[in-house]
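Engineer: Input: one structure, supplied below.
Read the figures in this text as sums done on the coordinates, not as results from a lab. Just so it is clear, the model here is predicted, and its values are computed rather than measured. Quick reminder, even Gly has a Cβ in these numbers, built from the backbone with ideal geometry, and neighbours come from all protein chains shown.
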Amino acid sequence: MAGRINDEDVKAVRDAVPIDAVVSEYLQLRPAGGGNLKGLCPFHDEKSPSFHVSPSKGLYHCFGCQEGGDTLAFVMRMEHLSFSEAVERLASQAGITLRYEQGGYSPGRQQGERTRLVEAHKVAAAYYAEQLGASPEAEIGRAFLRERGFEQEAAERFGVGYAPAGWDHLVRFLRGRGFTDRELLTSGLAQDGRRGPIDRFRGRLIWPIRDITGEVVGFGARKLREDDNGPKYLNTPETPIYRKSQVLYGIDLAKRDIAKTNRAVVVEGYTDVMACHLAGVTTAIATCGTAFGGEHVKILRRVLMDSSSSHSAGEVVFTFDGDSAGQKAALRAFEDDQKFAARTSIAISPGGMDPCELRIAQGDEAVRELIESRSPLFGFAIESIVRQHNLDTAEGRSAALDFAAPIVAQIKDLAIRHEYAVRLAGLLGIMDETLVVRRVVQLARRGAGRQAPAAPGRSAPASRQTNGTPAAPSRPAAPTGPPLNLRSPAYLEERELLKLALQFPELVAPVFDAFGEDEFTAAPYAAVRRCVAEAGGVAAAGPEFLERVREAAPDDTFRVLINELSVEPLQVSRRKQREMDVYAEARLVQVRLAAVERRMAELASAARRAETSGSGGAEEIYKEHWALEQYRTALKERGAAALYG
């Protein structure tokens, strides 16, 4: 039975690995104010960034899908890991040796499945690379690389290796390193043979496929010999750590420059990625044995910070061979264009050469020029469709218009859409440009009026009410939680005060601890106030304060709310500490003032009822009302000073 990781070691891992450094491995983050960062949420599709990270608190929270937690929770969610596996992964990055409270320290026995599979791939990658560099048998692989302009240094840079031609070289090597047959089969490094596991890759050139964090999760293998009856390229099968639709070759090397330049270049193969990077196009990536699809779009959008609200438009450049297969691939890519806010372009080299062939024939400069000579992808798509029809006949021109006009109608920029509508008329030889323009406008309006498909996990809204009249546009189903609009202006002061208590407790201590739950009119906010009190109050806040507050929450709904309040930026810029002091004091005063005025209104109503009924007691009520009126005046005139007596 696996032992429990020592609590002190878990804390050490949390403290050692900054949450912004971990999250930045998966998506681009930009300043969000108040020391926080924001980016496009990796857990749901969105057009504007609502995913916030608080480095000072070690927390993240998405205000769109309500996902949130600490560094370990993020890694668990992103990589589908158990708690222990997430701790082990981050501990490995931080160089921390973990202690297990049952059975002592035994990494080979204690590590989770994913950790073991990743480690097996890491060891296998080193083995393959060593074989390429030292094995006489691997000369065929070295020659293959040299013919394509890749010397040993290039092979080492990309971790290229060689799989020996025997049946079980890697299997025996990994067994010697402590990996079980079950792990080898599960990882996809081996497959069942007549007498046990055998190597999946044999006599092939090997490219390690890394995830966005740089961990090897799979391999791509290219055949080298004529007597190899397998496919030209053989990839790792689907495994617990490898999904070909969710990985991009080279993303670990390209992600920083993609974020920096706001441009990604999508090529077709491993050698094309190598050629581009060596030629200076360091934003090149490729899919791994599958067409570019929706999951790949999600990865790039996060790295590009590809949001509709972004001030600097990004760009995705697709490179394809100029042959018919390449053109079909480009048209498939165009189908995903609307999933990007970024511009999408296409670069096709003369003679149908791919970037690797172009580099061999004409050098690095030609590869760079290929990318710079790109043209809009929708322009290419329109021209490709038009070329498929006989424009010498009226029927052919009409058919071309039927197929091409919907493409033009998808263009997001209205000015560019109009320009391409006019261009389409010219391509078709239609003299009346307004005819084509009107057609495109009509199609665009129909497209905008269509109801978008329901998001995964949400039910599609009904299109009409039961009485048959059109229904108002419905919002996506709200996440499970308190049935209140807690961001309503009516609750703004209470929300801001709780954010201060959780994020900057020293600014509201000790006064906040004297506030009662009844001073918070929103029931969930009153519950959070109770959690703060049970955690010891803001005056006793320390390193574990937020954790204690979350532990005091009655259920996950309130833990999500606490996490949200701990990350959400304040409604003021934190330019100077003095300004923050003033802001905090103002929030304390406003919440207390609102509570006083509510109590005064209750007392006035009670006094009126007492006088009308003749039951007596009105005089005592008026005395309390008068005292509160004096307190209200003091709050308005003296501000925070009145809170201290």
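Engineer: Taking the Cα centre of region 2-91 as origin and charging only Cβ (+1 Lys, Arg; -1 Asp, Glu), how large is the dipole, in debye to the nearest 20?
Structural biologist: The calculation lands at about 300 debye.
Engineer: How many angstrom lie between the Cα centre of region 27-50 and the Cα centre of region 364-384?
Structural biologist: Here the two parts' Cα centres lie 31 Å apart.
Engineer: Relative contact order of region 7-110: what whole-number percent is it, with Cα pairs under 8 angstrom and at least 6 residues apart?
Structural biologist: 22
Engineer: Quick one: helix 556-567 against the long Cα principal axis of the chain, what's the angle to the nearest 10°, folded into 0 to 90?
Structural biologist: On a 0 to 90 degree scale, this one is about 90.
Engineer: Kindly express, to the nearest 10 degrees and within the range 0 to 90, the angle between helix 414-428's C-alpha long axis and the longest C-alpha principal axis of the chain.
Structural biologist: For helix 414-428, the angle is close to 30 degrees.
Engineer: Continuing with the same structure: Where does each of 256-267, 150-161, 382-393 land if you order them by average Cβ count within 10 Å, highest first?
Structural biologist: The most tightly packed comes first, giving 256-267, 150-161, 382-393.
Engineer: Counting only helical runs of four or more DSSP H residues, what would the 222 nm mean residue ellipticity of the chain come to if each run contributes -39,500 (n - 2.57) and the total is spread over all its residues?
Structural biologist: -15000 deg cm²/dmol
Engineer: What ranking do 625-634, 225-234 get when scored by the average of other Cβ atoms within 10 Å per residue, highest first?
Structural biologist: So the order, starting with the most tightly packed, is 625-634, 225-234.
Engineer: Translational D (Stokes-Einstein, µm²/s) of region 395-448 at 25 °C and 0.890 mPa s when Rh comes from the Kirkwood sum over C-alpha pairs?
Structural biologist: Rounded to a whole number, D works out at 228 µm²/s.
Engineer: Please determine, in degrees from 0 to 90 and to the nearest 10, the orientation of helix 83-94 with respect to the longest principal axis defined by the Cα atoms of the chain, where the helix direction is its Cα long axis.
Structural biologist: 70
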